[in-house]
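Below is one structure, written out as structure tokens; comments come after it.
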Amino acid sequence: EAASFGADRKDVFFDQADDEKYIPRALLFDLEPRAIDAVRSGPLGGLFNPENFFQRADGAGNNWAHGYAQGKEVREEVMEKIDREAEYSDSLEGFVLSHSIDGGTGSGLGSYILEELNDRYPKKLIQTYSVFPALEASQVVVSPYNSVLTLKRLTHNADCVVVLDNTALNRIASDRLHLETVSNEQMNTLVSRVMSASTATLRYPGYMNNDLVGLVASLIPTPRCHFLMTGYTPLTVQNRVQSVRKTTVMDVMRRLLQPSNMMVSASTRNGCYISILNIIQGDVDPTQVHKSLQRIKDRNEVKFIPWGPASIQVALARKSPFVKTPHRVSGLSLANHTNMSSLVSRILRQYGKMRQKGAMMHTYEEFDSNAVQHFDEAAEVVQCLVDEYRAIKTPEYLNWSPASASAGEGAAPATTTTTTG
């Protein structure tokens, strides 16, 4: 009922069919049948357009090169589905890709689709929700290889990457929600909270941040440093609620600055913020926002880069009238922080150990005869990303260039090297 009175914009992510039912403008791709079969047979299976499913039988075997090679094989069929949905959109603004960077399909096929989207739609924004692996606990032995190869494509072909780190998600589930064992469904609930809140201003538009470009542009002052941290409070997973006694605007905004609420295993106590956008949902008085920002400023709780604006942006968004929540106010933080370099550096170190020994390299050469060269090129790009994140926190960054970084001590050794309308 609330939707019929213009409280939300269903056309951002949905098309209306002839029978007036709303169909998600989503495409689901996989190189093995299990995940998509689970969606088809699940309670929401009838919601999707069956023409927007694509699956193969064999999978990619957790191998980036195999997934990428299969991307070339299925290019026509995959891009035909994407083009069809893009043409149905009245005012196409960009693409949103959700994937993992350490498996075969999410990394390999995901990388290929990213490159194709960037080539075919160069003026459209590409945002990703990218799940980073918990390397110490990952069941994928070649996870560092897949991650580095994918990070190169995310650096070159995405405009914004929302990082969802499995290490941090597991920590939040055990420390904040006190879950003894964490299921995939519970992890996906945490991820869906972030995805839902980050698109709230698009679906329930206000005066500001009501389009994807405007939302992203304010967070990314330099093209390559577009990897964003997320934080959410209060947290709820399947009737397990984080103990929060009061959800005033001030309490929510202060909790969003706490490293323990960040869904990335990189502490915000080290380094400095490049930009912050807090999306506050619920019953909020704008004067409370101004008082909260002033108090945070007076207490000097946030350290920003020395050469840019030092301010927290705040967007107010309505809560969904269809989903009941136990809290009066909730908040999402999208932050660009220089310590993202520590997360990427850990992946590079794990990669370097495997690359030095040549471990499992033959499994990639089976699908890519130039695998060694492509590995080294990818690692060089990722090392340059780390160097830039480290340089961006210094006043001299405005004179920084990748060439100057490669000439210094940060150079990488050769061996370590869905659509929205």
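The values are calculated or read from the model by the stated rules, or taken from the named source; none is laboratory data. As the structure is a prediction and not an experimental result, all values here were calculated from the model. Here Cβ is always computed from backbone atoms with ideal geometry, including for glycine, and neighbour counts include all displayed protein chains. Note: areas computed on protein heavy atoms with side chains; ligands, DNA, RNA excluded. Shrake-Rupley method; radii C 1.70, N 1.55, O 1.52, S 1.80 Å.
FRET efficiency for the pair SER91 and HIS156, taken as 1/(1 + (r/R0)^6) with r the Cβ-Cβ distance and R0 = 25 Å, rounds to 0.40. Report in % the part of the accessible area of region 9-99 that belongs to carbon and sulfur, leaving out ligands and nucleic acids; probe 1.4 Å. About 48 percent, which is the carbon plus sulfur part of the accessible surface. Length available on full extension from ARG328 to MET361: 0.36 nm per residue minus the Cα-Cα distance, which gives 6.6 nm.
With each label modelled as a point 7 angstrom along the Cα→C-beta vector, the ALA57-VAL213 pair spans 4.6 nm. Which entry in (1) 112, 92, 51; (2) 60, 57, 45; (3) 57, 55, 50 is this structure's computed Cα extents along the principal axes in Å? Label of the calculated value: (2).
Backbone N atoms of region 77-110 closer than 19 Å to the 7 Å Cα→Cβ label point of ALA137 belong to residues 100-103. Working note: Cα gyration tensor of region 196-310, eigenvalues times five, square-rooted, sorted largest first, giving semi-axes of 22, 19, 17 Å.
Pairs of Cα atoms under 8 Å, at least six residues apart: use those to get the relative contact order of region 134-234, whole percent. With pairs under 8 Å counted, the relative contact order is 36 percent. Rolling a 1.4 Å probe over the heavy atoms of the protein chains gives the chain an accessible area of 47 Å² per residue. In this simple spin-label model, placing a label point 7 Å from the Cα along the Cα-to-Cβ direction at both THR287 and SER311 gives a separation of 2.1 nm.
The packing ranking of peptides 207-215, 379-387, highest mean first, is 379-387, 207-215, where packing means the average number of other beta carbon atoms within 10 angstrom of each residue. Split the accessible area of region 109-172 by element, probe 1.4 Å, and carbon with sulfur accounts for 47%.
Relative contact order of region 89-196, please, whole-number percent, based on alpha carbon pairs below 8 angstrom and at least 6 residues apart. This gives 28 percent for region 89-196. What would the Debye formula give as log10 I(q)/I(0) at q = 0.29 Å⁻¹ for the alpha-carbon point model of region 53-109, no solvent? Debye intensities relative to I(0), on a log10 scale: -1.17. Here the spin labels are modelled as points 7 Å beyond Cα on the Cα-Cβ line, and at THR189 and ASP83 they lie 4.3 nm apart.
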